[in-house]
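Down below is the structure, laid out as structure tokens.
Each reported figure results from applying straightforward, stated rules to the coordinates on display, with no laboratory input. Only a predicted model underlies this, so the values are computations on that prediction, with no experimental measurement involved. All Cβ positions, even for glycine, are placed from backbone atoms using ideal geometry, and neighbour counts span all protein chains on display.
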Amino acid sequence: MEKTNDNIKQLLEKIKALAINGVDGEKENAQLLLKKLMHKYKITDNDLEINKRDWRNVTLPRFRLHNKLFWAIIQSTYDITAYRKTSKRDVIKLFITQSELVEIIAKYNFYVYHFDVDIDAFAISFISKNKLFPVTERAGTPREMTEREYQRWLKAHAIETSKYNYNSGQLGKEQLQLDFEEKEELQWMN
């Protein structure tokens, strides 16, 4: 029961931080939800410590550019110069308050959308500037080959890179014999 109560308090601390630092409707909804949940679980305002500094887990984005954006937001928001690693690859600990954590996450969620829009625009302009268009007239993104298409490609590639040997003395179904230079080429075709 103690663990569940701690989880509820952590959730309410996050909601309270959002109720204080939120914007417009987000702030109002958080305030209403906070009152309702505090009444339901009989937790007072004094039980919630959102201004207490503590080591808090922060999950970092894996995409390199998103990670840079996240660190820029952290450093521009608060004077954080040190962090601690955890056993998880993408999780660090920062010595911040709950409201600071909520603010960092809210800023990241706001800026990452606009960041991605700008990255897409940059990619399109880079491709256009450097004339990196498809060679064929088929436009679109590449797709993964099916197993059947891959097998057909392997056979065509073997034919393209091998020497043709015709044996006119044999009238069997297979008149085309491929002269493989190494046995390995024959093995991957089977």
Point to revise | Spin-label model distance (nm) - K35 vs T86, 7 Å beyond Cα toward Cβ | key: 3.4 nm
Practice item. Mind checking the full-extension length gain between N57 and R152? Use 0.36 nm per residue of separation minus the Cα-Cα distance, one decimal, nm. Key: 29.1 nm
Exercise for review: Count the net charge of all other residues whose Cβ sits under 14 Å from the Cβ of F110, scoring Lys and Arg as +1 and Asp and Glu as -1.
Suggested key: -4
Check your understanding: In the neighborhood of I124, defined by Cβ-to-Cβ distances under 15 Å, what is the net charge if each Lys or Arg adds +1 and each Asp or Glu adds -1?
Key -> -1
Practice item. With +1 on each Lys and Arg Cβ and -1 on each Asp and Glu Cβ, and nothing else charged, work out how big the dipole of segment 3-139 is about its Cα centre, in Debye to the nearest 20. Key: 600 debye
